[in-house]
Amino acid sequence: MKKGFTLAEVLITLAIIGIVAALTIPGLIEDYKKREYVTRLQKGISVLNNGFNLMMADEGVNEIDLLELQKCNPRVVSYYGDTQKCLQPYFKKYFNIITDNAIDDPREFYPWQDVTPLSGSDNTLLGYLGFVAYYNFITGDGILYVPFSFTTIGDALIDVNGTKGPNQIGRDIFCLKNENGIFVPRGIGEWDDSASTEYCNPAAENSVGYGCAARIAAEGWKMNY
């Protein structure tokens, strides 16, 4: 007759399973999050370019700088509120917008004070310039777009999970660059240069994360950091 397991043996086995789970599950969850961020980044870039391509085709121009919406440039209208309300009708025509910051107080739309660089240091100026001073909107899939951003941040920003955290550049917030009417990851050819503002390395104190989308693309659309 086969002998069954003793209570002690069962408890030891459960303890071992628990230890293994504690060691592996957090890593699996983190890997899943990274894959989700990258997938949504790819989709966001595609959606943004498709929208602008349709806009340019309808207006018969081949450069974003020639679009009629340039009259909403912050150099022409007020930074605070007026820019957002001026741009809203242009983007609503080409994007599935469910909500945006064209409201009386744009500061209430996005948790801009929580935005941090990749290095993790606090810098609310990045959040204000990226998510308050310019028009941004959220589409039906939950991705947030900032199609015109402060020149030192990029020509466009994407927060792949909307207003939800971590709200960190290089994790869920990515910078894009407008090249001849096409938005591409910012920092191509520079993201691995430690002396560049595009440097993407969370272990470096000076890494803001501007070039992280370029690093992801260069490494086969994987977030290896």
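Each principal axis of the Cα atoms in the stretch 102-212 has its own extent, and those three values, largest first, are 40, 34, 24 angstrom. Centroid-to-centroid, using Cα positions, the stretch 113-185 and the stretch 1-65 are 21 Å apart. Going from the residue with the fewest nearby Cβ atoms within 10 Å to the one with the most, 212, 175, 72 rank 72, 175, 212.
Per-residue Cβ neighbour counts within 10 Å put 118, 67 in the sequence 67, 118, beginning with the fewest.
In terms of other Cβ atoms within 10 Å, 69, 144 run from fewest to most in the order 69, 144. Enclosing the Cα atoms of the stretch 147-225 in their convex hull gives a volume equal to 99 cubic angstrom per residue. Note on the chain: helix-only mean residue ellipticity at 222 nm, from DSSP H runs of 4+ residues weighted -39500 (n - 2.57) and normalised by residue number, equals -12000 deg cm²/dmol.
Length available on full extension from residue 123 to residue 23: 0.36 nm per residue minus the Cα-Cα distance, which gives 32.7 nm. Mean separation of Cα pairs under 8 Å and 6 or more residues apart, divided by the residue count, gives the stretch 9-218 a relative contact order of 16 percent.
Projecting the alpha carbon convex hull of the stretch 9-218 along each direction and taking the average yields 13.9 nm².
FYI, it's all coordinate maths here, none of it is from the lab. Note that the structure is predicted; figures quoted are calculated from it, not measured. Every residue, glycine among them, receives a Cβ derived from its backbone with ideal geometry; neighbour counts consider all protein chains shown.
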